[in-house]
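What follows is a single structure, written as structure tokens, with notes after it.
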Amino acid sequence: MEKLTAKDIMNREVLTVNAELSIQGLAEFLVQNSISGAPVVSRNGKLIGVVSITDIIRHETLLEKGTQFNNRHDFYFHTVGNRFSHQDLDSLHLGDESLVTVKDIMTSAILEVGEKDTVQQVADTMVKNRIHRVFVTREKKPIGIISTADMLKIIRDM
């Protein structure tokens with residue numbers, strides 16, 4: 001049996017967001033697509049960060065506490081396990097959506113793997129960094145995504 005690579009197991013349907021999208025637009029996008037986070041891409045499609053419902057909640061929490069948001073040292077380690085409904089997101093006090101954008105709350109630390117990386121290398125990256133998904137890139141552009149569920153399917157099918 002030949003070694004499986006990231007390209008063999010990745011989900012090729014990668015839903016991305018633009019850094020200039022408003023937080024309200026982001027919340028609607030995540031709910032409409034039943035996802036908890038998405039890669040952030042530049043105008044030329046290159047991966048520049050990642051954003052999640054957790055980032056929206058963290059931003060709101062810091063605003064309530066009067067703390068300025070600073071994500072320079074935050075990493076995308078956790079994901080929100082539960083799906084959020086429109087009512088849940090409507091209850092967030094997102095403020096003036098035209099002032100705060102994805103760029104303001106995204107995490108710029110990106111954990112990525114190459115399409116030729118082995119499944120073992122992908123697993124090592126995920127475990128070492130305590131993340132639930134990793135982006136597969138080619139020339140800094142996202143071409144796939146691998147989640148812990150994808151990795152579990154590989155183990156199950158062995």
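The values are calculated or read from the model by the stated rules, or taken from the named source; none is laboratory data. Note that this is a predicted model, so its numbers are computed, not measured. Note that each Cβ is placed from the backbone with ideal geometry, even for glycine, and that neighbours are counted across all protein chains shown.
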For Ile48, are the conditions met, namely being at pLDDT 95 or above and within 23 Å of Ile143 (Cβ to Cβ)? yes
Hits in segment 5-48 (condition: assigned to a strand (DSSP E or B), within 15 Å of the chain's Cα centre (by Cα) and in contact (Cβ under 8 Å) with a residue 40 or more places away in the chain): Asn11, Val17, Asn18, Gly37, Pro39, Val40, Val41, Leu47, Ile48
Can you tell me which residue is nearest to Ser108 (Cα to Cα) among those in segment 31-44 that are out of contact with any Leu (no Cβ under 8 Å at 6 or more places or on another chain) and modelled with pLDDT under 95? Ser42
Of the conditions (1) buried (at least 18 other Cβ atoms within 10 Å of the Cβ); (2) among the hydrophobic types (A, V, I, L, M, F, W, C); (3) over 22 Å from Lys153 (Cβ atoms), Ala19 satisfies every one except a single condition; which number is it? (1)
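One line per residue, one yes/no per condition, for (1) modelled with pLDDT of 90 or more; (2) under 21 Å from Ile155 (Cβ atoms):
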position	(1), (2)
Asp55	yes, no
Arg58	no, no
Arg72	no, no
Leu89	no, no
Asp96	no, no
Ile105	yes, no
Asp117	yes, yes
Gln121	yes, yes
Ile143	yes, no
